[in-house]
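The values are calculated or read from the model by the stated rules, or taken from the named source; none is laboratory data. Note that the structure is a prediction, hence the values are computed from the model and not measured. Cβ placement follows ideal geometry from the backbone for every residue including glycine, while neighbour counts extend to all protein chains displayed. The area values use the complete protein model at the heavy-atom level, side chains included, leaving out ligands, DNA and RNA. Shrake-Rupley method; radii C 1.70, N 1.55, O 1.52, S 1.80 Å.
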Amino acid sequence: MGAWKELRPRFLPAVVAMFFFLQILFLVNMSYLYATQFRSTTRYHNFNLLYVDYDGGIIGKSLSDAYRQLQGDGFPTVLSGPSNEYPQVEDIREAVCRGDYWGAIYTTEGGSAALASALENGSSPPTSLTYIWNGVRYPVFSQGAVYSNFLKLIEVTRSTYYANNGSSVAASANLSNPATLKTFLDPIHVEEINIKGTEQGAKVFYNTVSMVMPIIQQFFFVLTLNGISTSFGAFTKLSWKANGLIRGVASTLYTFTGSLVMTGYIWAFRETWGQRGSRFVLTWFILWLLMHINFLLFDIATAFIPIQFMPFLVLTWVILNVASTLSPFELSPGFFRWGYALPSHEAYEVLIQIWSGGCNNRLYRALPIMFSWWVVGITIAVYAMQHRCKTAVAAQEALDRAQSDAKHVMTSKTVTPVGDSQREIGQDGDSAEDIPLRRVA
C-alpha cells in the first residue's frame, strides 16, 4: 500500500490523460474518414460524362430529353461534344481512357433511320447507343455512380422515345408482324464498352485494406528492427554510418520482398481478371516505392517520438492515406483534395493506370510527389540515424557513470565499518594501535 500511495499522484493522472487523448484520437480520425463520404450521393454531378450525337435524329433527341429529366446533383453531368471534335469512335474511347471523362455515350450514325427501316421491314434494329466506361477506376464507385446511371439514362431514353415517337410508329407500323412488334417493344439497342472490366470480388480491397497493409507492415518492421538493434547494442557499438548501411540494406530487402508478396496475393485472387506479366512487375515496383516511403517515415518518427506516442502517428497516418484512396475526390468536399499530396493516393492512381493498360495517366503528378517523399525521407533518415546513435551513446555513458558511482559508494560503505570496529577494540579511548604498546609496558 505504501508503494501505491507513492505512485498514485502521478500514475492516475497519466492514465486518465491517455484515456481521453486516445478517445479524442479515434474520434477525430474517424470523423475525418466519415466526412469524406458525407452526402457523397449529392455530388454525383461532379462525374462528367461525354455525349456525342452522330445520329442527329429521334434517338439523339430522346437521349437529350432523358438527361433533362434526370439532371441534378445526384446524377452525373452529361457534356455534349461536337462530332467534328470526335470524328472517330476511338477518339471518344481515348477521352475516357485519358481520364478526361468518367464515361461517354454516343449515338450510332444513321441510327434513327435504321430503326425506322427496321420497324417498316420487320427486321432487327441495329445498335442505337454505345456507352464507354473504365471499370478499374475506383471500381466500386464507378460501378455505382457511372455504370448504374448509364443504365438509368438508357431506360429513360426508351421512355422518352415512346413519348416523342411512339404514337406515330404505332399508327404506321405493322405490329401484327412478330418481328416488328419485337422491335417496337425494344427500339433502343445498346452496346457496352468497358475499357477494363473488374468483376472479381477482391476489387473492394484494392483501394481500402490494401492501402493499409504497406503502412502497418513497415511500422511493425521498424519496431522489430529497433528492438533487435537495441538488444544487441548496435546503436552504441557501431557508428551511425554502419547502422545506416545495415538499416538501408534491411529496409530495401524487406520492402522488396513485402511488395512482391502483396503483388502475389493480388494476382493470386484476380480470378478471370486478365493482366499481363509486365503489369505484375510494374505493380511490384510501385508498391515497393510506397512501402519504402512508409518505412522511412516510421524510421524517422521512432528516432524522435517516444514509443508511447507512436499510436497517435500510426493511426492518423493510416486514416489520412486510406481516406485519400477510398473514393474519388469528386465525391468529397473540396477540402479533402489536399490528399493529392499523400503517397498512397498517388500510388493508387499509378496502379489504376497500370491495371487499365495505360489509361488514366497521372504520372506527371504521381511520380514527382512519390519521389519527393522518398528523397526527403532518405535525407532526414540520415540525420535521424545520427541522432539515434548519439542519444544511445549518451544514455549508455550516463548509465556507466551511474553504475560506477554506485560501485564507489558501495565500496566506501564497506570500508568504513571495518575502521570503526577497529577503533572500538581499545578501551578508555585508546585505538587498536595502542594495545600492543600497553602490553609491553
**OP:** Run through all the Cα pairs of the chain and give the fraction in each 20 Å bin from 0, expressed as whole percent.
**Re:** 19, 36, 22, 12, 6, 3, 2, 0
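Before rounding to the nearest 500, sum -39500 (n - 2.57) across all DSSP H runs of length at least 4 in the chain and divide by the residue total; then give [θ] at 222 nm in deg cm²/dmol. List each step's numbers first, then the result.
Values: 17 runs with 285 residues, N = 441.
Computed mean residue ellipticity for the chain: -21500 deg cm²/dmol.
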Subject >> Among Gly166, Gly135, Gly74: highest mean-square fluctuation, GNM of the chain, C-alpha pairs under 10 Å >> reply: Gly166
**OP:** Can you sort Phe312, Phe336, Phe304, Phe20 by 1.4 Å-probe accessible area, starting with the largest?
**Re:** Phe20, Phe304, Phe312, Phe336
**OP:** Sort by residue number and report every cysteine in the chain with no other cysteine beta carbon within a distance under 4.7 Å.
**Re:** Cys389
Original post:
Once phi is turned into θ = phi - 60°, what whole-Hz ³J(HN,Hα) does the Karplus curve with 6.51, -1.76 and 1.60 give for every residue of the range 209-226, x standing for Gly and Pro?
Top reply: 4, 5, 7, 7, 4, x, 7, 4, 4, 6, 5, 4, 5, 5, 4, 5, 5, 5
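Heavy atoms only, probe 1.4 angstrom, no DNA, RNA or ligands counted: give me His345, His189, His408 ranked by accessible area, highest first.
On the way: His345 5, His189 60, His408 125 Å².
Putting His345, His189, His408 in descending order of accessible area: His408, His189, His345.
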Subject >> Heavy-atom accessible area order for Lys61, Lys203, largest first, 1.4 Å probe >> reply: Lys61, Lys203
Subject >> Nearest-10 value in Å² for the accessible area of Ile195, using the 1.4 Å probe >> reply: 30
**OP:** Run the 1.4 Å probe and let me know the accessible area of Arg68, rounded to the nearest 10 Å².
**Re:** 150
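To the nearest 0.05, how large is the calculated FRET efficiency for Asp65 and Ala35 if R₀ is 35 Å and r is the Cβ-Cβ distance?
On the way: r = 37 Å, r/R0 = 1.06.
Once the sixth-power term is evaluated, E becomes 0.40.
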Original post:
Setting aside same-chain residues fewer than 8 positions from Lys61, which lysines have a Cα under 23 Å from its Cα?
Top reply: Lys152, Lys182
**OP:** Subtracting the Cα-Cα distance from 0.36 nm times the residue separation, let me have the gained length for Trp267 to Lys5 in nm, one decimal.
**Re:** 88.4 nm
Original post:
Counting DSSP beta bridges with both partners in the chain, what percentage is antiparallel, nearest 5?
Top reply: 25
Subject >> Portion, in percent, of the accessible area of the chain that falls on carbon or sulfur, probe 1.4 Å >> reply: 64
Subject >> Added length on full extension, which subtracts the Cα-Cα distance from 0.36 nm per residue, Ile216 to Leu181 >> reply: 6.5 nm
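Excluding ligands, DNA and RNA, what is the solvent-accessible area per residue of the range 29-163 at a probe of 1.4 Å, expressed in Å²?
Per-residue accessible area for the range 29-163 comes out at 43 Å².
Fully extended, how many nm does the chain gain between Thr224 and Val382 (0.36 nm per residue separation, minus their Cα-Cα distance)? Present the calculation step by step, with values, prior to reporting the outcome.
Working: separation 158, 0.36 × 158 = 56.88 nm, distance 1.92 nm.
Length difference between fully extended and current span is 55.0 nm.
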Original post:
Is the shape of the range 34-186 best called rounded, prolate or oblate, per the rule: a/c under 1.5 gives rounded, else a/b larger than b/c gives prolate, else oblate, with a ≥ b ≥ c the square roots of the Cα gyration tensor eigenvalues?
Top reply: prolate
Subject >> Accessible area (Å², 1.4 Å probe, nearest 10) - Leu225 >> reply: 30
Original post:
Taking every DSSP beta bridge that has both residues in the range 41-194, what percent is antiparallel when rounded to the nearest 5?
Top reply: 25
Original post:
Which of the lysines could a cross-linker span from Lys407 if the Cα-Cα distance has to be under 30 Å and same-chain partners fewer than 8 positions apart are dropped?
Top reply: Lys237, Lys390
Subject >> Rounded Å value of the spacing that divides the Cα centres of the range 39-118 and the range 300-333 >> reply: 39
Subject >> For the chain, built as a Gaussian network whose Cα springs stay under 10 Å, the top-fluctuating residue of Phe298, Phe335, Phe205 >> reply: Phe335
Subject >> Cut-off under 5 Å, modelled amide H: who pairs with Ser128 long-range >> reply: His189, Val190
Original post:
Taking the chain as a Gaussian network, Cα atoms linked when under 10 Å apart, which of Gln217, Gln69, Gln353 shows the biggest mean-square fluctuation?
Top reply: Gln69
Original post:
Using a simple spin-label model with points 7 Å from Cα along the Cα→Cβ vector, what separation in nm is obtained for Thr391 and Thr257?
Top reply: 2.7
